[in-house]
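Presented below is the structure to which this report refers.
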Amino acid sequence: MKAVITGGGTGGHIYPALAVAEELQKRGWEILYLGSDHRMEAEIVPGAGFEFKAFSVRPLPRKMSTKIFSSLYFNTRAFFKALKIIKDFKADFVIGTGGFVAGPVVLAGSLLRKKTIIHEQNAYPGITNKLLARVVDKICLNFSEAADYLKVEEDKIEITGNPVRPRILKVNRDKAYKELKLNPELKTILITGGSLGAEIINQNIIALYKYAVQNKIQILHLSGKKNYSQLLAKLKNNNLEPENSLLKIIDYLDEMEYALAAADLIIARAGATGLAEITSCAKPSILIPFAAAAENHQLVNAQTLQENNAALVIEESELNDKLLLDKVKTIIEDTEKLKSMSAAAESMSQKDSLANIIKVIEKLI
């Protein structure tokens, strides 16, 4: 069997796609991944060992503007290229996990009468999946609430959860410490703004850094490539040396499983894929939702964890150095709270999500 898989722009779209790709490959499927030539999937997917073909696509503007002409031009070209690639590959099946690159690929698959599925990670669907919902065979959802926005027949929809790459769940914590050169005797705080980084988080960490150095707590900070140099300069301006053994700053880490395994507490955004990984690894978290997310869906995601005592939430409008440090101290200094939040996170995990999606695929084929 042959599958074309697409999804991109952010890790939130790419990593669920890779989870499906890895599992299908184990079952003997041939995989071809189609993505954008200028977004992060062009680097991540080949690095994961999958055949990757790229084309130029552009997002549809959310408001009417002259950008729509450029978008239509690039996406039309991508659609016809996808038609040829899918036909030549002789695909049996096409799945899209979101991001504007998925639009022309899944549409091409549908018009070629291939079996098609889309997967939506968030409670509020992205514009691409909203448009594709009417033409695909099946829609896999992480949140049942997303169905309210899609306006399709109920029998099209399957609530599967959000798949996590199997390697996220299999890492030995001692190995994670060794690979990241961390001290296993010390508590570790992981700071991540998602696959692209988050400047607003990076701007509000000086008080936390100073506290960590004073109290011998390790910080592993995934800054994002575009913010890396700026963050290092900020630390030096505040008399914090990045070379300090307690501070490990990395622009991007492909082996996210090591970071998750080593962490005692995670400070992160609230994208659905990131939260699936956090809960699957049973980690307490402080969540700072991306305020500009469509329909504020990251806040909704984060509040779900907070209501279940698995996380604390700070909205961007409230974020500052002192508040972030105060939230960290209430968790990291309380061993029982760390344990209870970890248990709460684990109770929310959806470790069978990948198996659920594979069942949908197999039944459809």
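The values are calculated or read from the model by the stated rules, or taken from the named source; none is laboratory data. Keep in mind the model is a prediction, meaning the values are calculated, not measured. When we count neighbours, we look across all protein chains shown, and the Cβ atoms used for this are built from the backbone with ideal geometry, even at glycine.
Values computed for the structure shown
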| quantity | calculated |
| --- | --- |
| Filter result for GLU295 (assigned to a helix (DSSP H, G or I) and modelled with pLDDT under 95) | yes |
| Among (1) within 20 Å of ALA355 (Cα to Cα); (2) exposed (fewer than 14 other Cβ atoms within 10 Å of the Cβ) - the single one LYS151 does not satisfy | (1) |
| Per-region count, segment 115-148, residues among the small types (Gly, Ala, Ser) and either outside the structural domain of THR6 (by TED's automatic domain parsing) or exposed (fewer than 14 other Cβ atoms within 10 Å of the Cβ) (or both) | 1 |
| Residues that are among the aliphatic types (A, V, I, L, M), within 23 Å of the chain's Cα centre (by Cα) and in a helix (DSSP H, G or I), drawn from segment 91-109 | ALA102, VAL105, VAL106 |
| Some residue of segment 51-64 being assigned to a strand (DSSP E or B), under 27 Å from ALA293 (Cβ atoms) and at pLDDT below 95 | yes |
| In segment 128-164, residue modelled with the highest pLDDT [restricted to those that are closer than 22 Å to THR304 by Cα and among the charged types (D, E, K, R)] | GLU158 |
| Restricting segment 1-17 to residues that are touching a helix residue (DSSP H, G or I) at 6+ places or on another chain (Cβ under 7 Å) and more than 19 Å from LYS114 (Cβ to Cβ), the residue that is surrounded by the fewest Cβ atoms within 10 Å (Cβ to Cβ) | GLY11 |
| Scope segment 174-187; condition surrounded by 15 or more Cβ atoms within 10 Å (Cβ to Cβ) and part of a helix (DSSP H, G or I); matching residues | ALA176, TYR177, GLU179, LEU180 |
| Segment 193-231, subset buried (at least 22 other Cβ atoms within 10 Å of the Cβ) and among the hydroxyl-bearing types (Ser, Thr, Tyr), residue modelled with the lowest pLDDT | SER195 |
| Some residue of segment 301-316 being part of a helix (DSSP H, G or I), in the same structural domain as LYS216 (by TED's automatic domain parsing), in contact (Cβ under 8 Å) with a residue 60 or more places away in the chain and crowded, with 22+ Cβ neighbours inside 10 Å | yes |
| Positions within segment 110-156 being in contact (Cβ under 8 Å) with a residue 12 or more places away in the chain, within 17 Å of GLU362 (Cα to Cα) and not in a strand (DSSP E or B), in sequence order | LYS114, VAL136, ASP137, LYS156 |
| Candidates LYS329, LYS337 - the one that is touching a residue at least 12 places away in the same chain (Cβ under 8 Å), surrounded by fewer than 18 Cβ atoms within 10 Å (Cβ to Cβ), in a helix (DSSP H, G or I) and in contact with a helix residue (DSSP H, G or I) (Cβ under 6 Å, 6 or more places away or on another chain) | LYS337 |
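A quick yes/no check of all residues on (1) in contact (Cβ under 8 Å) with a residue 40 or more places away in the chain; (2) touching a Phe, Trp or Tyr at 6+ places or on another chain (Cβ under 9 Å); (3) closer than 29 Å to GLU315 by Cα:
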{"site": "ARG165", "(1), (2), (3)": "yes, yes, yes"}
{"site": "TYR177", "(1), (2), (3)": "yes, yes, no"}
{"site": "PRO184", "(1), (2), (3)": "no, yes, no"}
{"site": "ILE189", "(1), (2), (3)": "yes, no, yes"}
{"site": "GLN203", "(1), (2), (3)": "no, no, yes"}
